[in-house]
Amino acid sequence: MYLAEHTINGRKNYILRISQYNSAANCWQSRDLFDLGRSPWEFIEYPGGNAFYIHEDVCEKLTEEGVKYDLCELEELFWRFIRKDIRQKIEPFHCRGIRKSRTAWKQKILKTEQVQVFDKRRIYYLRCGNMDQCRIGHLPIRYFKALLNKSRDEIEQHILQLEKSLSPREYKQYVYVIFDLQRYFRSSSARSIPQALDQDELDRYFLENVCLLHRDEFFWAGLDKGSGLHEYLVRYVVMFFDYEFDGGSAWDEYLQNFINSKRFYRQPLAKTTLAVAEIVEVFGLSEEKLKTLDKTDLTKLFRQKAHELHPDKGGEHDDFVKLIEAYKQLLRNRG
């Protein structure tokens with residue numbers, strides 16, 4: 001049993017569901033049990049003190065549906081909707097989740113199918129935050145036990161909750177990793193610095209992979225995904241196109257390592273200051289036009305010029321270094 005969360009007309013709606021194995025279809029499917037609407041907290045009763053219980057209407061409906069449930073399991077599903085002050089007081093005594101015996105766990109492995117690689121990539125990144133996914137093929141099935149014997153809908157709902165721990169600055173990198181887009185590029189920077197790649201090519205490969213996953217009937221087995229792009233994939237399109245790669249320390253370190261790797265380059269004792277005329281020449285825009293660019297547009301322009309001037313693309317090393325210095329100087333001037 002799990003709690004499904006969907007956005008309807010801009011507001012979240014919650015439904016209690018259960019995953020059940022359909023032997024005829026040879027797949028796991030989800031079934032609605034109880035529609036909690038937009039306010040699941042309305043089904044939590046507080047008799048006094050720090051006590052609480054789930055409204056009898058929910059319990060009766062589960063019984064009618066023939067669902068055997070544990071009170072701890074039911075409380076866990078409603079836990080985030082319980083009043084904060086009560087959660088803080090009873091947290092040390094709360095029975096979080098259901099522990100299963102080793103024997104039951106072994107039986108579960110024998111009954112389940114192999115975990116899909118797309119799900120593996122997502123779980124591995126959300127647990128480790130690691131862009132290098134070469135280890136996932138060697139991880140034991142136990143590492144992915146949270147995905148076993150569940151319908152596609154329950155798996156997506158589980159991952160959706162885990163993704164809430166991501167910060168917006170991670171969104172695009174996360175999508176880049178889980179769709180394994182680095183495999184399309186030979187550059188050494190593809191593994192850790194996707195900012196340095198051709199962004200138009202990257203966009204194309206991403207859309208191709210989204211379409212492939214959308215058409216993968218085995219992936220969507222047991223779930224009616226409709227004719228259009230399912231909301232479970234729409235969120236990745238939003239993450240990829242509405243957000244930028246984080247231009248943090250990894251990107252700066254890459255640029256600096258490139259400069260330092262050239263034997264004839266000498267690290268300056270102080271920050272290099274370029275004349276306005278030099279910056280204008282490097283970017284090919286007037287001073288007035290450069291001043292109108294915000295940080296996002298400036299970064300896009302820098303990436304475009306970096307792709308043109310990079311020595312690996314036939315550019316001159318000195319021109320590439322000057323571009324880097326000009327970009328950093330403009331960023332400093334913007335505070």
message = Which of the numbered conditions does Asp57 fail, given that it passes all the others? Conditions: (1) part of a helix (DSSP H, G or I); (2) without any contact (Cβ under 8 Å) to a residue 12 or more places away in the chain.
response = (2)
task = State all residues of region 19-51 that are more than 34 Å from the chain's Cα centre (by Cα) and assigned to a strand (DSSP E or B); if no residue qualifies, say none.
result = Glu45, Tyr46, Pro47, Gly48, Ala51
ask   = Which number in (1) within 17 Å of the chain's Cα centre (by Cα); (2) within 25 Å of Leu207 (Cβ to Cβ) marks the one condition that Phe185 misses?
value = (1)
ask   = Would a scan of region 94-107 turn up a residue that is of a type in the set (S, T, N, Q), closer than 30 Å to Ser23 by Cα, at pLDDT below 85 and part of a helix (DSSP H, G or I)?
value = yes
ask   = When residues of region 223-241 are filtered for being farther than 13 Å from Leu213 by Cα and of a type in the set (Gly, Ala, Ser), how many remain?
value = 2
message = Being touching a residue at least 24 places away in the same chain (Cβ under 8 Å) and of a type in the set (Asp, Glu) is the requirement here; does Asp70 meet it?
response = yes
remark   = Within region 301-335, residues being surrounded by fewer than 16 Cβ atoms within 10 Å (Cβ to Cβ) and closer than 19 Å to Asp200 by Cβ number 5
ask   = Has region 119-134 got any residue that is small (Gly, Ala, Ser), in the same structural domain as Ile18 (by TED's automatic domain parsing) and modelled with pLDDT of 85 or more?
value = no
task = Need at least 1 residues that are free of Cβ contacts under 8 Å to residues at least 40 places away in the same chain and under 19 Å from Ile18 (Cα atoms) per element, so show me which helices (runs of 4 or more DSSP H) inside region 136-229 make the cut, counting only ones lying wholly within it.
result = 152-163
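Any residue that is in contact with a Gly (Cβ under 8 Å, 6 or more places away or on another chain), assigned by TED's automatic domain parsing to the domain that holds Phe81 and surrounded by fewer than 18 Cβ atoms within 10 Å (Cβ to Cβ) - is there at least one of those in region 3-23?
Looking through region 3-23, at least one residue is in contact with a Gly (Cβ under 8 Å, 6 or more places away or on another chain), assigned by TED's automatic domain parsing to the domain that holds Phe81 and surrounded by fewer than 18 Cβ atoms within 10 Å (Cβ to Cβ).
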key: Scan of region 290-322 for residues that are without any contact (Cβ under 8 Å) to a residue 60 or more places away in the chain and of a type in the set (Val, Ile, Thr), ordered by number   = Thr292, Thr296, Thr299
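The values are calculated or read from the model by the stated rules, or taken from the named source; none is laboratory data. Given the structure is predicted, the values throughout are model-derived calculations rather than measurements. Note that each Cβ is placed from the backbone with ideal geometry, even for glycine, and that neighbours are counted across all protein chains shown.
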